[in-house]
Structures are given as C-alpha cells and as structure tokens.
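Read through the structure below, which is laid out as structure tokens, and then see the notes.
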C-alpha cells in the first residue's frame with residue numbers, strides 16, 4: 001500500500017515539474033541613478049547611502065505601470081526595500097502595527113509588519129510578521145533581512161544600524177500585457193509630531209521579468 005502511495009506522489013511530482021522556463025525577458029529595470037520616474041505615479045528621488053532611491057515614503061504609496069509585456073505566463077519582480085528608523089512591527093497603538101504591502105494588479109503578495117526594534121539584555125524587542133503575512137507570525141526584528149548595518153535616515157540618523165535592507169523577490173502568475181506594481185505602507189506613529197522623520201521607507205533596483213513556460 002505504501003509503495004503505491006509513493007508511486008502516486010512521485011507521478012504527480014513529475015507532472016508538476018514538467019514545465020520549464022522557455023524564455024525570460026527583462027521588461028523593466030531601474031536603479032534610479034538617472035532619476036527616471038517614467039510611468040511611476042507618486043515617484044520621487046532622494047539620496048541614501050550614496051545612491052539614488054525611490055522615496056522616502058510614510059503613509060504613502062507609489063505605483064509603477066509596465067505596458068506592452070510580451071506573451072508570458074509568469075512575472076518575476078525584485079527590488080531592494082529600505083526600512084528607515086523606528087518601525088515597530090506588531091506593536092499596537094500608539095506605535096503600531098507598522099505594515100508594508102506589495103500589490104500586483106491590486107492583489108497583495110506582501111502584507112507584512114516590520115520591526116527595526118533594537119534588542120539587548122532586558123530590552124523588549126517588538127516582533128514582526130515578516131517573512132509571513134501580518135498578523136500570522138511573531139518573528140524577531142529584522143528576520144529575513146539582507147543588511148542591518150545601514151545608517152538611519154532621520155530620527156536615527158546617527159545610528160549606524162538605523163536602516164534595514166530587505167531583498168524582495170516574488171514570482172507571480174501573470175499573462176496580461178499590462179502590469180501595475182504598487183508599494184504602500186500603513187504606518188502608525190500617533191505619539192510623534194513628525195511622522196515621516198519617525199519612520200519611512202524607500203525602494204531601489206526594481207526589476208520586472210516576463211517568463212514564458
């Protein structure tokens with residue numbers, strides 16, 4: 001009986017893996033060094049860590065529209081996400097939760113809370129949901145990050161660990177000739193007079209590839 005079950009499982013595994021990548025085409029790529037904001041709503045450029053980035057944002061969003069995609073089955077979206085200063089993760093009001101979202105054609109593919117909370121002996125570390133969706137997880141601050149040794153932007157500008165870099169990459173089933181990538185936050189900081197200085201985010205190195213199977 002067990003042998004039959006294993007054969008059935010192996011069969012369905014082979015069926016699911018039968019498609020392979022036939023073609024992969026870069027349809028959008030932007031490191032913002034030329035300050036190109038074409039097809040980006042609410043786009044703006046700032047300097048961070050010696051490079052141009054898209055941002056910074058607080059309770060705002062931007063939307064990138066990519067037109068005339070070739071025939072495809074999937075899209076691969078990747079970019080650098082910088083989280084600046086005092087993100088409070090899963091904490092409740094007045095400091096949180098601090099949530100960031102990535103949507104493709106209106107559908108969420110990232111809906112997570114993030115925490116830049118410092119940790120140490122006898123120090124409460126505000127947890128975050130990332131890499132899982134909010135509110136389904138209580139991970140330690142900065143879990144899944146790529147770098148944690150970048151300076152803060154405003155409130156924590158003197159802190160050499162005030163910004164956290166995440167490498168976001170998602171492969172999405174998609175076949176339309178038009179794609180809309182939207183990044184948006186839902187930040188809570190009702191106890192500060194300057195919300196944008198308290199916490200914000202920016203993006204760099206956006207890449208969109210169309211994949212044909």
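Okay, here's what the table says:
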| item | result |
| --- | --- |
| Qualifying positions in the range 160-187 - out of contact with any helix residue (DSSP H, G or I) (no Cβ under 9 Å at 6 or more places or on another chain), under 24 Å from residue 119 (Cβ atoms), in contact (Cβ under 8 Å) with a residue 60 or more places away in the chain and not in a strand (DSSP E or B) | 162 |
| Matching residues, the range 156-186, being crowded, with 19+ Cβ neighbours inside 10 Å and at pLDDT below 95 | 156, 162 |
| Exclusive hit being buried (at least 21 other Cβ atoms within 10 Å of the Cβ) and either over 19 Å from residue 203 (Cα atoms) or in contact with a helix residue (DSSP H, G or I) (Cβ under 6 Å, 6 or more places away or on another chain) (or both), set 118, 141, 70 | 141 |
| Number of the exception - residue 199 against (1) crowded, with 21+ Cβ neighbours inside 10 Å; (2) touching a helix residue (DSSP H, G or I) at 6+ places or on another chain (Cβ under 8 Å) | (2) |
| Residue that is farthest from the chain's Cα centre (by Cα), among those in the range 98-124 that are in a loop (DSSP other than H, G, I, E, B) and under 17 Å from residue 166 (Cβ atoms) | 117 |
| Within the range 132-157, tally of residues that are farther than 17 Å from residue 50 by Cα and not in a loop (DSSP other than H, G, I, E, B) | 1 |
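Each row is one residue, and each column tells you yes or no for (1) modelled with pLDDT of 95 or more; (2) closer than 23 Å to residue 164 by Cα.
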| site | (1), (2) |
| --- | --- |
| 17 | no, no |
| 20 | no, no |
| 34 | yes, no |
| 80 | yes, yes |
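Residue-wise test of (1) farther than 24 Å from residue 145 by Cα; (2) in contact with a strand residue (DSSP E or B) (Cβ under 9 Å, 6 or more places away or on another chain); (3) in a strand (DSSP E or B).
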{"position": "25", "(1), (2), (3)": "yes, yes, yes"}
{"position": "32", "(1), (2), (3)": "no, yes, no"}
{"position": "47", "(1), (2), (3)": "no, yes, yes"}
{"position": "54", "(1), (2), (3)": "no, yes, yes"}
{"position": "63", "(1), (2), (3)": "no, yes, yes"}
{"position": "84", "(1), (2), (3)": "no, yes, yes"}
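The values are calculated or read from the model by the stated rules, or taken from the named source; none is laboratory data. Note that the coordinates shown come from a computational prediction; the quantities given were computed from them, not determined experimentally. All Cβ positions, glycine included, derive from the backbone under ideal geometry; neighbour counts span all protein chains shown.
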